[in-house]
Amino acid sequence: MDDFIAARAQMALSLGFHIIFACIGMMMPFFMAVAHYKWLKTGDITYKNVTKAWSRGVAIFFATGAVSGTVLSFELGLLWPEFMKHAGPIFGMPFSLEGTAFFIEAIALGFYLYGWNRFNKWFHWITGVVVGVSGLASGILVVAANAWMNSPAGFDFVNGQYLNINPITAMFNDAWLSQAIHMILATTVATGFAVAGVHALMILKGKNIIFHTKAFQIAALFAVIGAILQPFSGDFSAKDIAKRQPAKLAAMEAHFKTEERAALIIGGIPDEEKETVRYAVKIPGALSFLAHGDFNKEVTGLDAIAKKDRPPVAIVHYAFQVMVMLGVLMLLIALLYLFILWRKKSWLDKRWLLKLFVAAIPAGFIAVEAGWTVTEVGRQPWIIHGIMRTADAVTPMPGIVYSFYIFTGVYVSLSVIVILLLYRQVKMVGKLYDKS
Amino acid sequence: MIYIVMAYLWASVLLYILMGGADFGAGILEFFSTRKSQERTRTVMYRAIGPIWEANHMWLIIAIVILFVGFPVIYTTMSVYLHIPLTIMLLGIIARGTAFTFRNYDAVKDQLQVVYSKTFMYSSVITPLFLGIIAGSAVSGSINPKATHFADAYIFSWLTPFSLAVGIFTVTICGFLAAIFIIGETKSETDKTRFVKKSKHMSIAALLAAALVFAIAFLEDIPLTHWLFGNAVSVACVALAVASLIWMWVSLFTKQTKLLRVIAGAQVTLLLVAITYEHYPVLINLKDSEGLSLLDNYGSPKTIQSLAVALIAGSIFILPSLFYLLYSFSNKREA
Ligand code: HDD
Ligand code: HEM
Ligand code: HEM
């Protein structure tokens, strides 16, 4: 592995690791707030137990999210100094606001986790909500920074110089809104399905049914809302990309030839040498419609893009297919669940329904990772779209490969421990909280 | 505007040394406790730092963000030449933060507790050691941007006797701050006495480490004496810090916890003033070339302006709530 690839792999690994904890850190406080609210309103002790059990889980995720985030803020410089030298002052605005958001989050978390029975109960509840709101705010802000890499704004690029910098314009670049909406929904879906699935599993095992049913209902509510909105937001993102980053769109769709009435390619194996896709299902005109809202519009293909400016097609295409496929599956589960709630309440405790949710535990997170792969690999070879190449940004220090191996080891062991800890938390629910 | 940003940078470094330092110190004290008293030390410390530990480390992130947004050349110079110690420090931060939380939130208390504790203790020493090494390398001019060999550019930029000595000094300062801080958090007399003893040991260790730093600076021709005694302000700061040591020892005997905290905080602050005053506005000294000054290396004026506004706006939110957090969980209200 050469150092450049190692640097990219290390960055991808660190981000891919962090995002899981970030998603949970952003969404779980809202789940807790709902359960906590129900406890305060109904006085049903089970809700208090659910809140407490979740908050212990969240503490584990928070710590891991915080350290992996700290690592990232150094890694940007350690791996991509040339990029940070120029980009720092331009896209730094969200990061400086994010600092505030993190701080508030950390403070509110201190209040929340250690504040049981110490404060006015509504003050305590509010601190929990503040944890969620500031987490969400920081998520939106970082995504705005990433959106700037996809859609650079707020400076003039003249003869290799970055002039007339305006960090506010840079923050509100063209891509931030579509990416931020899609990301928030993604955390809702991913966290919702994962948590609902875990509790469904426990119900199936016949353990602490009341406890897990209440927890399941709250998580499933979030999952369902998110899953229904997500495809709309995804379509909004895709239309946006069709305008701003035609190369990324073409790679996502494995669309090699510029044409009118472009076909939507589903599945298949893209062959980058021969510029064709084998074994795919093609729906004529559908791509034109999805990208531009008109079955006959022309869609730019990879042939319009110089070979050296093309992203890797196969990875981006597969990742996109995975995300969309999982999105559709989760949408179907969500619709089914709604239908059952509405018409067939008696199906609610059917084992197959619970099993369906168990099967969907990883789906949201796989979709998140796949979606980021589309965004990030689809931007290649650029680190700042159209301005700076990733290869020009990498650190001059040799030996990054070793650093990549070390971080891989660290992240793998952390993942193992976190899973073990969660397993123990769930297993101990009976002892710690639920007497039923 | 640039001065506001610089002030924030300085303040967040100071607060990180004080609060993050005390936090690291908790692990360092555990490290230097006998097996028997470790358990006790740990419980007292967990109660003291649990609610605030996450906030303590935010200062580092604030400092880093100010650097990369406001002073990208300085940030990237450090990232390139100090890559290795920064990476080790990061690994320390990962190990420490996760071990601390896992230890408390593992639902089953078994053999793994020992692993968490060991990890926590070792990383509590390694992380500030490397923070000190990084700081020592930045000020002492060991970074050589003209280096052509791997070792000159990426190893000897930080692996110098002086940086190591500064690292050791940092570790002792952290332990010292923690011991003083925790005295005020203890309830029983025995615990108090124990941490008073630890404070004494740690302050002696810090003095020895400081002597080591001076000795090496002398041997290596690093103008440390000039930095500390070259101007009136620095001399005054150092003099005050040393003088207050005596006061501190007296207070240690009388166990005046509030006063002790103020003195310890003031000593560290004075030292930071002393060392930065002479360097100002240079943040990084380089080998055989002009140092990197904060005043010459900042990002565009618009960036600095919005950064300053963001920092001020942030403080309005953060400071009151942070004080309330510290106040709420200080030992007084616990009752
Ligand atoms: C639960 C997760 C999830 C689900 C179900 C979907 N997505 Fe997604 N998608 C993401 C999670 C995600 C993400 C991980 O959050 C990304 C990465 C960058 C971003 O802003 O969101 C993303 C990016 C992303 C992009 C690229 C945005 C960019 O590069 O700026 C497009 C075009 C879509 N998505 C489209 C869709 C469509 C049409 C879906 C149909 C069902 C869909 N996504 C479901
Ligand atoms: C957390 C979710 C994210 C994931 C999973 C993710 C994933 C990835 C992946 C897979 C790569 C490697 C691409 C390649 O080299 O082929 C990458 C690169 C990179 N990402 Fe992200 N990314 C995320 C968010 C962000 C954000 C918010 C930023 C904003 C600052 C960012 C900055 C970068 C940089 C600087 C690189 C290296 C340069 C490059 O390869 O273009 N990423 N990321
Ligand atoms: C899309 C990508 C990202 C999202 C949505 C995201 C979101 C979050 C959230 C919600 C947290 C709160 C802690 C937690 O919940 O565990 C967090 C922590 C953190 N993130 Fe990220 N993040 C992303 C990428 C990044 C990147 C690229 C960086 C670095 C430049 C970064 C730096 C940090 C830092 C420093 C923390 C620790 C803050 C603390 O101690 O609370 N994040 N992130």
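Tabulated data for the structure shown
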{"item": "Residues of the stretch A:95-117 satisfying the condition of being within 7 Å of chain B (Cβ to nearest Cβ), open to solvent by 30 Å² or more (accessible area, probe 1.4 Å) and free of Cβ contacts under 8 Å to residues at least 12 places away in the same chain", "result": "A:Y114"}
{"item": "Pick from the stretch A:275-299, criterion open to solvent by 20 Å² or more (accessible area, probe 1.4 Å) and within 15 Å of ligand 1 (Cβ to nearest atom), ranking: farthest from the other protein chains (Cβ to nearest Cβ)", "result": "A:I283"}
{"item": "Meets criteria (more than 8 Å from ligand 1 (Cβ to nearest atom), open to solvent by 60 Å² or more (accessible area, probe 1.4 Å), of a type in the set (D, E, K, R) and away from chain B (no Cβ under 14 Å)) for A:K205", "result": "yes"}
{"item": "Qualifying residue in the stretch A:394-405 (condition: touching a Lys or Arg at 6+ places or on another chain (Cβ under 9 Å) and closer than 30 Å to A:G160 by Cα)", "result": "yes"}
{"item": "Selected residue [open to solvent by 20 Å² or more (accessible area, probe 1.4 Å), touching a residue at least 40 places away in the same chain (Cβ under 8 Å), touching a helix residue (DSSP H, G or I) at 6+ places or on another chain (Cβ under 6 Å) and of a type in the set (S, T, N, Q)] from B:T170, B:T119, B:T160, B:T186", "result": "B:T170"}
{"item": "Given (1) of a type in the set (K, R); (2) within 12 Å of ligand 2 (Cβ to nearest atom); (3) without any contact (Cβ under 8 Å) to a residue 60 or more places away in the chain, index of the condition A:R379 fails", "result": "(3)"}
{"item": "Single unsatisfied condition, B:K146 versus (1) of a type outside the set (D, E); (2) more than 20 Å from B:G167 (Cα to Cα); (3) within 12 Å of chain A (Cβ to nearest Cβ)", "result": "(3)"}
{"item": "All positions within the stretch B:71-116 that are of a type in the set (G, A, S), open to solvent by 10 Å² or more (accessible area, probe 1.4 Å) and more than 7 Å from chain A (Cβ to nearest Cβ)", "result": "B:A95"}
{"item": "Selection count where residues are among the hydrophobic types (A, V, I, L, M, F, W, C) and closer than 15 Å to A:G135 by Cα, scope the stretch A:68-88", "result": "0"}
{"item": "Criterion (under 21 Å from A:Q230 (Cα atoms) and under 22 Å from the mean Cα position of the chain (by Cα)) met by exactly one of A:G293, A:G327", "result": "A:G327"}
{"item": "Failed item, numbered, when A:G206 is tested on (1) out of contact with any helix residue (DSSP H, G or I) (no Cβ under 7 Å at 6 or more places or on another chain); (2) more than 16 Å from ligand 2 (Cβ to nearest atom); (3) part of a helix (DSSP H, G or I)", "result": "(3)"}
{"item": "Filtered residues of the stretch A:130-153 (kept if open to solvent by less than 30 Å² (accessible area, probe 1.4 Å), within 15 Å of ligand 2 (Cβ to nearest atom) and not hydrophobic (A, V, I, L, M, F, W, C))", "result": "A:G135, A:S138, A:G139, A:N146, A:N150, A:S151"}
{"item": "Scope the stretch A:217-228; condition crowded, with 18+ Cβ neighbours inside 10 Å and more than 9 Å from ligand 1 (Cβ to nearest atom); matching residues", "result": "A:I218, A:A219, A:A220, A:F222, A:A223, A:V224"}
{"item": "Condition check for B:S12: at pLDDT below 85, open to solvent by less than 40 Å² (accessible area, probe 1.4 Å) and away from ligand 1 (no atom under 16 Å from the Cβ)", "result": "no"}
{"item": "Search result, residues across the stretch A:118-129 that are touching a residue at least 24 places away in the same chain (Cβ under 8 Å) and surrounded by 16 or more Cβ atoms within 10 Å (Cβ to Cβ)", "result": "A:W125, A:G128, A:V129"}
{"item": "Subset of the stretch A:21-34 that is within 14 Å of ligand 2 (Cβ to nearest atom) and touching a Phe, Trp or Tyr at 6+ places or on another chain (Cβ under 6 Å) - its residue that is farthest from the other protein chains (Cβ to nearest Cβ)", "result": "A:I24"}
{"item": "Odd one out for A:W39, checked against (1) open to solvent by 20 Å² or more (accessible area, probe 1.4 Å); (2) more than 28 Å from B:R103 (Cα to Cα); (3) near ligand 3 (Cβ under 10 Å from one of its atoms)", "result": "(3)"}
{"item": "Condition check for A:V316: surrounded by 17 or more Cβ atoms within 10 Å (Cβ to Cβ), on the phi < 0 side of the Ramachandran plot and assigned to a helix (DSSP H, G or I)", "result": "yes"}
{"item": "Check on A:M330, more than 16 Å from ligand 3 (Cβ to nearest atom) and open to solvent by 80 Å² or more (accessible area, probe 1.4 Å)", "result": "no"}
{"item": "Residue list for the stretch A:77-94, filter: facing another protein chain (nearest Cβ under 7 Å) and more than 19 Å from A:Y162 (Cα to Cα)", "result": "A:L78"}
{"item": "Residue in the stretch B:205-224 that is farthest from B:I246 (Cα to Cα), counting only those that are open to solvent by 80 Å² or more (accessible area, probe 1.4 Å) and in a helix (DSSP H, G or I)", "result": "B:L219"}
{"item": "Of all residues making up the stretch A:118-146, the number that are within 9 Å of another protein chain (Cβ to nearest Cβ) and either basic (K, R) or under 19 Å from B:T303 (Cα atoms) (or both)", "result": "1"}
{"item": "Single residue of A:F103, A:F95, A:F119, A:F157 found to be more than 17 Å from A:V34 (Cβ to Cβ), assigned to a strand (DSSP E or B) and either touching a strand residue (DSSP E or B) at 6+ places or on another chain (Cβ under 8 Å) or of a type outside the set (K, R) (or both)", "result": "A:F157"}
{"item": "Complete set of residues in the stretch A:240-269 that are surrounded by 16 or more Cβ atoms within 10 Å (Cβ to Cβ) and either within 16 Å of ligand 2 (Cβ to nearest atom) or assigned to a helix (DSSP H, G or I) (or both)", "result": "A:D240, A:I241, A:A242, A:R244, A:Q245, A:P246, A:A247, A:K248, A:L249, A:A250, A:A251, A:M252"}
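The values are calculated or read from the model by the stated rules, or taken from the named source; none is laboratory data. Being a predicted model, the structure only gives us computed values, none of them experimental. Cβ sites come from the backbone with ideal geometry, for glycine too, and all protein chains shown count toward neighbours. Side chains are part of the model used for accessible areas, which takes the heavy atoms of the whole protein and leaves out ligands, DNA and RNA. Shrake-Rupley method; radii C 1.70, N 1.55, O 1.52, S 1.80 Å.
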